[in-house]
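Asker: Following this message is one structure expressed as structure tokens.
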Amino acid sequence: MTKLTLDVILNNLYISFLTPYYKFNLIKSDPNDNKFLNYAVIANAKFIMTEDRHFVADTVWKNKQSQLKAINTILSL
């Protein structure tokens, strides 16, 4: 990564650096995918868009603040 690219990322108003404080183990078939779920939860994401087969299109995870849904295409919205 070039210094210019790194500067753009670090100074972008729409980028936040977050530390996951949730450590879920909801994706049993590929535990490595849980990191994406952890970050989505702390970012208050509504959707995770992925073609990863371990994220099921109709999987919904609910917490007190939001509803998180895994989708595989924009047409699923």
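What follows draws every value from the coordinates through simple rules; no lab data is involved. Given the structure is predicted, the values throughout are model-derived calculations rather than measurements. Please note: Cβ atoms are built from the backbone with ideal geometry, for glycine as well, and neighbour counts cover all protein chains shown.
Asker: Cut-off is 10 Å between beta-carbons; in what order do Lys28, Lys69 appear when sorted fewest neighbours first?
Answerer: Lys28, Lys69
Asker: Quote the relative contact order of region 1-49 in percent (integer), defining contacts as alpha-carbon pairs under 8 Å separated by 6+ residues.
Answerer: Relative CO of region 1-49 lands at 29 percent.
Asker: Still on this model: Using a 7 Å offset from the Cα along the Cα-to-Cβ direction at both Thr50 and Lys28, what is the distance between the two label points in nm, to one decimal?
Answerer: With each label point 7 Å from Cα toward Cβ, the separation is 1.7 nm.
Asker: Then there's this: Cut-off is 10 Å between beta-carbons; in what order do Tyr14, Tyr39, Tyr22 appear when sorted fewest neighbours first? Before the final figure, lay out the partial values.
Answerer: Values: Tyr14 4, Tyr39 15, Tyr22 12.
Listing Tyr14, Tyr39, Tyr22 from fewest to most nearby Cβ atoms yields Tyr14, Tyr22, Tyr39.
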